[in-house]
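Enquirer: One structure, as structure tokens, below. Some questions next.
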Amino acid sequence: MSKYPFSTWIYNPLSDFTPDVLEVWAHAGMNVPMTPKMYYGKDDPTSLIPWLDKAEALGMQLIINYEDVSYGDYIRIGAEEYERRLSEIYNVLKGHPALYGFYVGDEPDSAEELEATVQCYKINRKVAPELKAYTNLIGTMPRKGPEFFGGRTLTEWFKYFKEETGVQILSQDLYNPLINDISVGWHFEEVKTMVEAAEAAGVELWANMLCSGHDAFRAPSELDIRWQINVNAAVGCRGGIWFRMYDRALGNEYHGSPIDEYGNKTEAYYGMCRSQRRFTDHYGELLMSLKRQSTYMTGKDRGVYPMLTDDAHDLVKIDGYEEGVVSFYTAEDGKEYICMVNASMQFLATWKFEFDSEKCSVNEVLFNGTVTRPMENLGQVLYAGQMRMYRIDRK
């Protein structure tokens with residue numbers, strides 16, 4: 001089984017760190033972090049080899065971030081120079097097992113920038129076909145019209161991107177849950193639309209989640225971090241990347257990041273550590289082996305996902321009055337799974353399972369399915385933001 005990927009944005013320059021800092025990121029639960037910022041013509045790619053070696057020793061891979069080799073530079077310098085720069089960097093690093101892929105850019109916000117992103121991915125596939133290029137999309141993409149997508153719908157654009165480039169992963173800004181309850185509804189609207197478009201095209205969508213307070217967004221608590229991981233995974237996101245790991249003295253509006261501008265680990269760091277590692281230990285590999293079939297909500301109707309009813313499954317009925325997300329998944333062997341998250345940001349919640357014991361059994365799964373415990377028709381209690389998973393075994 002592959003691991004659920006967790007990454008993070010590092011806005012500091014590479015010179016601020018040594019490769020040993022990867023131990024800090026690994027301890028927090030990262031397995032595919034982005035390298036600190038590098039600049040073409042200034043930072044020698046050979047300086048990344050010790051980073052890749054350290055990452056390999058820690059069981060990590062790295063997304064390489066050269067700020068001057070992005071879709072914006074493609075527009076400015078043209079395809080030939082973009083390919084030359086990318087090839088120059090790749091030829092130094094190619095073949096290293098800890099090399100995940102190259103950063104292509106953040107938040108393309110026009111038809112020109114989207115098309116430049118597509119062309120960059122084409123070049124990445126030509127130069128480094130074994131790697132996974134990475135870019136992050138704006139959260140408001142579901143609200144864009146056809147002119148933004150070159151005359152296409154969002155789903156058609158995802159399919160076009162896939163057909164043209166073989167794109168494997170993309171991420172999307174999903175910061176709204178850290179404003180207020182109304183914006184939680186906006187979050188579900190955006191992630192549902194994007195996940196369904198990505199799934200239709202065969203692309204894995206990562207959630208670009210928030211771990212820094214700024215603007216209208218509050219600094220995250222451990223509950224906020226746990227909620228973002230578990231809810232986004234339950235509704236179909238196939239990875240997560242955090243904005244951003246470090247506060248900086250020159251960005252003093254940003255606050256509450258996992259590591260402050262003085263190098264101190266904050267409460268957000270330890271909340272991230274517990275939340276990511278618990279998720280990875282119990283569900284990260286299992287979820288990556290499953291295919292989402294459907295998603296419902298319980299309790300509060302946000303007008304996005306259908307509300308869970310007795311018709312959702314032929315053998316299992318789930319009754320719950322608290323706000324929750326319930327997704328049904330299937331494995332390659334046909335086994336069926338239920339992924340449930342308490343989507344409240346403050347309240348404990350109980351859901352009651354009912355099933356025909358003559359036709360099936362239901363088992364809670366832990367430690368990625370290596371531990372199971374049989375369940376009878378009992379209430380299941382989840383604390384705020386908690387995930388639990390169950391397997392339906394037909395007789």
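The values are calculated or read from the model by the stated rules, or taken from the named source; none is laboratory data. Since the model is a prediction, treat every value here as computed from it, not as a measurement. Neighbour counts are summed over all protein chains in view; Cβ atoms, including those assigned to glycine, are modelled from backbone coordinates with ideal geometry. Accessible surface is based on the protein model in full, side chains and every heavy atom, while ligands, DNA and RNA are left aside. Shrake-Rupley method; radii C 1.70, N 1.55, O 1.52, S 1.80 Å.
Enquirer: Rounded to the nearest 10 degrees, what's the angle between the helix 79-93 long axis and the longest principal axis of the chain, both from Cα atoms, 0 to 90?
Expert: 80 degrees
Enquirer: Could you tell me the extents of the chain's C-alpha atoms along the three principal axes, largest first, rounded to whole Å?
Expert: 67, 48, 40
Enquirer: DSSP loop GluC sites (Glu not before Pro) in segment 197-263 with at most 16 other Cβ atoms within 10 Å of their Cβ, which ones?
Expert: Working: sites: Glu199, Glu204, Glu222, Glu253, Glu261; in loops: Glu253, Glu261.
For GluC sites (Glu not before Pro) across segment 197-263 that sit outside H, G, I, E and B with at most 16 neighbouring Cβ atoms in 10 Å, the list reads Glu253, Glu261.
Enquirer: Tell me, rounded to the nearest percent, the portion of alpha carbon pairs in segment 33-155 spaced more than 22 Å apart. Working shown, then result.
Expert: On the way: 2732 of 7503 pairs.
Of the Cα pairs, 36 percent sit more than 22 Å apart.
Enquirer: Give the angle, between 0 and 90 degrees and rounded to the nearest 10, that separates the Cα long axis of helix 111-127 from the longest principal axis of the Cα atoms of the chain.
Expert: 80 degrees
Enquirer: I've got another one for you. Leaving out ligands, DNA and RNA but keeping every protein chain, what accessible area does Lys352 have, in Å² rounded to the nearest 10, with a 1.4 Å probe?
Expert: Surface open to solvent at Lys352 totals about 90 Å².
Enquirer: If you don't mind, another one. Could you provide, to the nearest whole Å², the per residue accessible area of segment 298-395 with probe 1.4 Å?
Expert: On the way: 4870 Å² over 98 residues.
Heavy-atom accessible area per residue stands at 50 Å².
Enquirer: Oh, and also: Round to the nearest 10 and report in Å² the accessible area of Arg218, as given by a 1.4 Å probe over the protein chains' heavy atoms.
Expert: Accessible area of Arg218: about 80 Å².
Enquirer: Please determine, in degrees from 0 to 90 and to the nearest 10, the orientation of helix 267-279 with respect to the longest principal axis defined by the Cα atoms of the chain, where the helix direction is its Cα long axis.
Expert: 60 degrees
Enquirer: Then there's this: Using the C-alpha atoms of segment 96-244, what convex hull volume per residue, in cubic angstrom, is computed?
Expert: On the way: hull volume 16.7 nm³, N = 149.
Cα convex hull per residue, to the nearest whole number: 112 Å³.
Enquirer: Whenever you get a sec, line up Lys317, Lys162 from highest to lowest accessible area (probe 1.4 Å, protein heavy atoms). Could the numbers behind the result be given before it?
Expert: On the way: Lys317 85, Lys162 65 Å².
My answer, sorted largest first, is Lys317, Lys162.
Enquirer: Only Cα pairs under 8 Å and at least 6 apart count here; give the relative contact order of the chain as a rounded whole percent.
Expert: In percent, rounded to a whole number, it is 13.
Enquirer: Using a 1.4 Å probe on the protein chains only, how many percent of the accessible area of the chain belongs to carbon and sulfur?
Expert: Values: 7660 of 16130 Å².
That fraction is 48 percent.
Enquirer: For Arg244, list long-range residues whose amide hydrogen, built 1.01 Å from N in the peptide plane, is under 5 Å from its own amide hydrogen.
Expert: Amide H to amide H, under 5 Å and 5 or more residues apart or across chains, Arg244 pairs with Cys211, Ser212.
Enquirer: Spelling out what I want: for every residue of segment 246-260, take phi, set θ = phi - 60°, compute 6.51 cos²θ - 1.76 cosθ + 1.60 (Karplus), and round to whole Hz; glycine and proline get x.
Expert: Values per residue, Gly and Pro as x: 10, 6, 9, 4, 8, x, 6, 6, 6, 7, x, 5, x, 10, 7 Hz.
Enquirer: Given the C-alpha centroids of segment 3-30 and segment 78-108, what is the distance between them in whole angstrom?
Expert: 19 Å
Enquirer: Let me ask something additional. Tell me the per residue accessible area of segment 66-123 using a 1.4 Å probe; a whole number in Å² is fine.
Expert: On the way: 2290 Å² over 58 residues.
Normalised by residue count, the accessible surface of segment 66-123 is 39 Å².
Enquirer: Now, a different point. Counting each DSSP H run of 4 or more residues in the chain as -39500 (n - 2.57), what helix-only mean residue ellipticity at 222 nm follows after dividing by all residues, to the nearest 500 deg cm²/dmol?
Expert: Details: 10 runs with 118 residues, N = 395.
Helix-only estimate at 222 nm: -9000 deg cm²/dmol.
Enquirer: Measuring from the lowest to the highest alpha carbon on each principal axis, how far does segment 1-60 reach, largest first, in angstroms?
Expert: 39, 21, 18
Enquirer: So if I take the centroid of the Cα atoms in segment 340-395 and the same for segment 192-267, what is the distance between those two points in Å?
Expert: Going from one Cα centre to the other spans 27 Å.
Enquirer: Still on this structure, please answer the following. What pairs from Lys291/Lys395; Lys42/Lys265; Lys3/Lys317; Lys126/Lys159; Lys162/Lys335 go past 27 Å between their alpha carbons? Walk me through the numbers before you get to the answer.
Expert: On the way: Lys291/Lys395 22 Å; Lys42/Lys265 30 Å; Lys3/Lys317 30 Å; Lys126/Lys159 19 Å; Lys162/Lys335 29 Å.
Where the Cα-Cα span goes over 27 Å, the pairs concerned are Lys42/Lys265; Lys3/Lys317; Lys162/Lys335.
Enquirer: Right, here's the next one. Share of antiparallel DSSP beta bridges in the chain, in percent to the nearest 5?
Expert: Working: 44 of 69 bridges.
Roughly 65 percent of the beta bridges in the chain run antiparallel, per DSSP.
Enquirer: Given the options Glu88, Glu358, Glu115, which has the most mean-square fluctuation in a GNM of the chain, springs set between C-alpha atoms less than 10 angstrom apart?
Expert: Glu358
Enquirer: Of the residues Ile338, Ile49, Ile229, which exhibits the maximal mean-square fluctuation in a Gaussian network model of the chain defined by a 10 Å Cα contact cut-off?
Expert: Looking only at Ile338, Ile49, Ile229, the largest GNM fluctuation is found for Ile49.
Enquirer: Shifting gears a bit: Which log10 I(q)/I(0) values, to two decimals, does segment 208-299 give at q = 0.21 Å⁻¹ under the Debye formula with one point per Cα?
Expert: Debye curve over Cα of segment 208-299, log10 I(q)/I(0) at q = 0.21 Å⁻¹: -1.00.
Enquirer: Quick one: among Ile169, Ile63, Ile318, which has the greatest mean-square fluctuation in a GNM of the chain with alpha-carbon springs under 10 angstrom?
Expert: Ile318
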